[in-house]
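Colleague: Below you'll find the structure I mean.
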Amino acid sequence: MKVVMIGGDAAGMSAASKVRRSLPDAQVVVFERTKETSYGACGLPYYIGGVNDDADKIRIRKPEAFLASGIDLRIAHEAVAVDAVRQTVTARNLSTGELVEESYEELVVASGAAPILPPIRNRDKEGVFALKSIADAEAIRAWAERAAVEDVVIVGAGYIGLELAESFVRLGKRVTIIEMAPRPMMVMDEDFAPLIVQTLERHNVVLRLGEAVKELDGATAVTGVVTDRGTYPAQMVVLSVGVRPNTAFLKDSGVKMLPNGAVLVDGQMRTSVPHIYAAGDCATITNKITGRQVYLPLGTNANKQGKVLGEVLVGMDSRLPGVLGTSMCRIVDLEVARTGLNEREAEEAGIPVRVVKTTAHTRPPYYPGGCELFIKLFYHAETKALLGAQLAGQEGAAARIELCALAIDAGVTCPQLAMTDLGYAPPFNYVWDPVQLAAGMVK
Ligand SMILES: Cc1cc2nc3c(=O)[nH]c(=O)nc-3n(C[C@H](O)[C@H](O)[C@H](O)COP(=O)(O)OP(=O)(O)OC[C@H]3O[C@@H](n4cnc5c(N)ncnc54)[C@H](O)[C@@H]3O)c2cc1C
């Protein structure tokens with residue numbers, strides 16, 4: 001068998017490694033347009049903020065290791081076209097400019113996503129960045145270390161923008177976040193916005209909502225950001241307004257995609273074209289509850305899709321049952337997490353839904369530490385099965401969302417969850433876990 005992969009990070013290399021291990025005689029060719037493979041993009045904000053000072057630690061498995069395993073890895077090669085009839089991929093060698101053609105029996109598209117660059121006038125100034133790669137993080141950190149850089153503007157209050165705010169707060173910068181939407185972190189319900197806003201305020205981060213960036217000031221380097229409502233000083237700007245799948249090279253392949261370019265795949269990562277598979281941030285994934293194809297570019301999903309795809313390629317009958325969209329983020333000292341559906345999403349899917357919400361302490365009042373946790377649970381109006389959860393607080397939100405995800409996965413009802421035998425000791429918990437208290441409100 002000959003498999004060609006496009007993209008050498010989480011999804012692509014999970015699949016490539018499985019094929020290499022299980023089918024030693026298979027030919028595995030990987031085109032990767034950068035010189036990096038398998039790195040932890042999720043760790044980049046913490047390198048920028050100095051939690052980790054060694055960028056090399058973010059490199060999980062380097063190109064040499066893949067080459068030594070027998071994978072024909074071609075770094076600095078960008079796939080530019082796929083011919084699904086002839087079963088070939090054309091790639092440009094970015095070192096020489098030369099075009100190479102490679103035939104495939106099976107093709108894996110694992111080309112990920114790239115930051116969306118919003119249409120802002122004078123965007124190409126020095127000191128303006130988007131964060132995706134280790135090279136981006138190194139450039140951001142180097143620029144931030146300049147003495148003249150005191151004011152940082154982050155465009156976009158999604159999870160990457162908010163994680164970056166934490167990094168720049170750690171570096172002692174004056175941070176402003178400008179967000180076009182009416183609230184930060186739109187993946188969370190509106191009730192969570194005050195907690196996020198208060199956290200940012202407590203750390204002197206200025207959050208401007210409902211404001212659109214129009215233009216950047218400065219001669220060669222950026223000096224300010226102009227919005228439709230004001231002007232802000234900035235010696236550094238980071239754009240974090242979302243990502244778009246890297247799938248332009250598939251335009252003549254016949255592969256079906258969502259309007260944003262995400263390749264539609266089934267539970268075995270098969271696309272609409274025979275012998276072409278896709279996985280990770282360039283592809284859709286099935287929502288386990290609604291059965292709908294959604295775009296959820298997360299490292300968790302990319303790794304799972306890559307693993308299942310590797311197994312499918314070696315002949316196993318594996319299938320990804322879908323995901324719940326479980327995600328978590330720390331905003332300086334606030335943990336924010338969600339899983340499953342919220343009320344609107346359940347209603348859109350035709351699922352009768354009810355909501356409970358409460359605030360509960362994570363530890364007994366006599367024990368130091370602990371915090372109030374804000375919890376919102378969404379459950380099926382008839383069966384009372386848990387459908388979704390959103391949590392925020394200074395500790396324990398991220399850990400507890402895992403409990404909720406497992407409960408949804410297992411079809412657990414709120415009354416069952418309320419009486420599940422969870423542990424208790426004052427350093428860790430309350431005698432009734434906050435999630436159980438919320439679940440117990442369901443009658
Ligand atoms: C700052 C940051 C923080 C994040 N934090 C989290 C987190 O906390 N939790 C979480 O779950 N997820 C997080 N993510 C998302 C996670 O990193 C991605 O979901 C994951 O990396 C996707 O893996 P992938 O293999 O699908 O795509 P990618 O990691 O994007 O890899 C795709 C590869 O394909 C290459 N490529 C693209 N086009 C071509 C082409 N034409 N030819 C050849 N090669 C090509 C790219 O260079 C890239 O190396 C974060 C992302 C960022 C940027």
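Colleague: Which order do ASP317, ASP228, ASP83, ASP433 fall in if you start with the one that has the fewest other Cβ atoms within 10 Å? Don't skip to the end; give the middle numbers.
Modeller: On the way: ASP317 7, ASP228 10, ASP83 13, ASP433 23.
Lowest to highest Cβ neighbour count: ASP317, ASP228, ASP83, ASP433.
Colleague: Got the relative contact order for the stretch 238-277 handy, in percent, Cα pairs under 8 Å and 6 or more residues apart? Walk me through the intermediate numbers first.
Modeller: Working: 34 pairs, mean separation 12.0, N = 40.
Once normalised by length, the contact order is 30 percent.
Colleague: Something else: The stretch 1-93: which trypsin sites (Lys or Arg not before Pro) are DSSP loop and have at most 11 other beta-carbon atoms within 10 angstrom? Don't skip to the end; give the middle numbers.
Modeller: Values: sites: LYS2, LYS18, ARG20, ARG21, ARG33, LYS35, LYS57, ARG59, ARG61, ARG74, ARG86, ARG92; in loops: ARG33, LYS35, ARG61, ARG86.
Taking the stretch 1-93 and a limit of 11 other Cβ atoms within 10 Å, the loop trypsin sites (Lys or Arg not before Pro) found are ARG86.
Colleague: Using helices alone, I'd like the mean residue ellipticity at 222 nm for the chain: each DSSP H run of four-plus residues gives -39500 (n - 2.57), total over residue count, nearest 500. Don't skip to the answer; put the middle values down first.
Modeller: Working: 11 runs with 103 residues, N = 443.
Calculated at 222 nm, the ellipticity per residue is -6500 deg cm²/dmol.
Colleague: With an 8 Å cut-off on Cα pairs and a minimum separation of 6 or more residues, tell me the relative contact order of the chain in percent. Display every interim value, and only then the final one.
Modeller: On the way: 1028 pairs, mean separation 59.0, N = 443.
The value is 13 percent.
Colleague: When the chain is modelled as a GNM with alpha-carbon springs shorter than 10 Å, which of TYR379, TYR295, TYR367 fluctuates the most?
Modeller: Result for the chain, Cα springs under 10 Å: TYR367 fluctuates most.
Colleague: Read phi for every residue in the stretch 223-230 and hand back ³J(HN,Hα) as whole Hz from Karplus 6.51 cos²θ - 1.76 cosθ + 1.60, θ = phi - 60°, with x for Gly and Pro.
Modeller: Calculated HN-Hα couplings, in order: 10, x, 10, 10, 10, 6, 10, x Hz.
Colleague: Which of THR199, THR220, THR227 has the fewest other C-beta atoms within 10 Å, and how do the rest follow up to the most? Don't skip to the answer; put the middle values down first.
Modeller: On the way: THR199 23, THR220 8, THR227 19.
Neighbour counts put them in this order, fewest first: THR220, THR227, THR199.
Colleague: Now for a different question. Using a Cα-Cα cut-off of under 20 Å, which aspartates and glutamates could be cross-linked to LYS18, ignoring same-chain neighbours fewer than 8 residues away?
Modeller: List returned: ASP9, GLU32, GLU36, GLU64, ASP72, GLU105, GLU106, ASP266, ASP281, GLU311, ASP317.
Colleague: What is the fewest-to-most order of THR284, THR358 by other Cβ atoms lying within 10 Å of their Cβ? Walk me through the intermediate numbers first.
Modeller: Working: THR284 24, THR358 16.
Going from least to most buried by this count: THR358, THR284.
Colleague: Right, here's the next one. Can you give the FRET efficiency for ASP333 and ASP266, using 1/(1 + (r/R0)^6), R0 = 41 Å, r = Cβ-Cβ distance, to the nearest 0.05? Don't skip to the answer; put the middle values down first.
Modeller: Numbers: r = 41 Å, r/R0 = 1.01.
About 0.50, to the nearest 0.05.
Colleague: For ASP9, which sequence-distant residues (separation of 5 or more, or a different chain) have an amide H within less than 5 Å of its own amide H, given hydrogens modelled in the peptide plane?
Modeller: Under 5 Å from the amide H of ASP9: SER38.
Colleague: So which of LYS288/LYS443; LYS307/LYS376; LYS35/LYS288; LYS2/LYS35 end up more than 30 Å apart by C-alpha? Kindly include the intermediate steps, with their values, before the conclusion.
Modeller: On the way: LYS288/LYS443 26 Å; LYS307/LYS376 32 Å; LYS35/LYS288 35 Å; LYS2/LYS35 23 Å.
Beyond 30 Å: LYS307/LYS376; LYS35/LYS288.
Colleague: Mind checking which of MET316, GLY127, ILE71 is farthest towards the positive end of the chain's charge dipole, using Cβ charges of +1 (Lys, Arg) and -1 (Asp, Glu) about the Cα centre?
Modeller: Value computed over the given set: MET316.
Values quoted throughout were computed directly from the atomic coordinates according to the rules given, and no laboratory measurement underlies them. Every value quoted in this text rests on a predicted model; they were computed, and no experiment measured them. Cβ: placed from backbone, ideal geometry, glycine included. Neighbour counts: every protein chain shown.
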